[in-house]
1. At 1.4 Å probe size, with every protein chain present, just tell me what the per residue accessible area of segment 10-139 comes to in Å².
2. In the Gaussian network model of the chain, springs joining C-alpha atoms below 10 Å, which of Asp118, Asp15, Asp59 carries the largest mean-square fluctuation?
3. Which value, in Å to one decimal place, does the Kirkwood hydrodynamic radius take for segment 31-139 when every pair of different Cα atoms is included?
4. Counting only other residues whose beta carbon sits under 9 Å from that of Tyr113, what net charge do I get with K and R as +1, D and E as -1?
5. With springs only between Cα atoms under 10 Å apart, run a GNM on the chain and tell me which of Glu123, Glu81, Glu65 wobbles the most.
6. Which one of Thr42, Gly28, Trp107 is farthest out on the positive end of the charge dipole of the chain, using unit charges on Cβ (Lys, Arg +1; Asp, Glu -1) and the Cα centre as origin?
7. Quick check: at a probe of 1.4 Å, how many percent of the accessible area of segment 19-132 sits on carbon and sulfur atoms?
8. Mind listing the long-range amide H neighbours of Leu27? Cut-off is under 5 Å, sequence gap 5 or more, other chains count too, H placed in the peptide plane at 1.01 Å from N.
Amino acid sequence: MMKPRISMITLGVSDLPRSVMFYERGLGFPRMDSPPEVAFFTLNGTWLGLYGRAALATDASVSEESGGFAGFSLAHNVSSEQEVDQVIAQAASAGAVITKPAQKTDWGGYAGYFSDPDGYLWEVAYNPLFWVGPSDEPA
């Protein structure tokens, strides 16, 4: 029986060095030692992998051709509206495209969206009703 968890999210990227720079230097994600054709970052509770888009498609035995909206987003939940604004600003200064500025939501929270260099959507959200994800580790 499958246990419910996501241990790693791998993004197929068009320019690995550019994406590594965005996540490592721009967003400050801690990079792990890894082979040159892939990059791994440790996140609180999961890993993020970056791999060439064509290589990932080949590995999964699918076509790399796609267009437009991929139909999903990644989420980064934080503990305040101010932190949402800070993360959105950090992403913008790292080269992200802000697709939706941070604002009050219809569900009672505060959130905004940015897209990374390959167009992957990230939601940055504060949910005052409950915490989503593993507890924050001390810095």
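1. On the way: 7600 Å² over 130 residues.
Here the residues of segment 10-139 average 58 Å² of exposed surface.
2. Asp59
3. Numbers: mean 1/r = 0.0636 Å⁻¹.
After inverting the mean inverse Cα-Cα distance, the result is 15.7 Å.
4. Working: positive: Lys100; negative: Glu123.
Counting the neighbours of Tyr113, the net charge comes to 0.
5. Result: Glu65 has the largest fluctuation of those listed.
6. Selected residue: Trp107.
7. Values: 3450 of 6440 Å².
Percent of accessible area from carbon and sulfur atoms in segment 19-132: 54.
8. Counting only residues 5 or more places away or on other chains, the set is empty.
The values are calculated or read from the model by the stated rules, or taken from the named source; none is laboratory data. Since the model is a prediction, treat every value here as computed from it, not as a measurement. Neighbour counts are summed over all protein chains in view; Cβ atoms, including those assigned to glycine, are modelled from backbone coordinates with ideal geometry. SASA here: full protein model, heavy atoms, side chains in, ligands and nucleic acids out. Shrake-Rupley method; radii C 1.70, N 1.55, O 1.52, S 1.80 Å.
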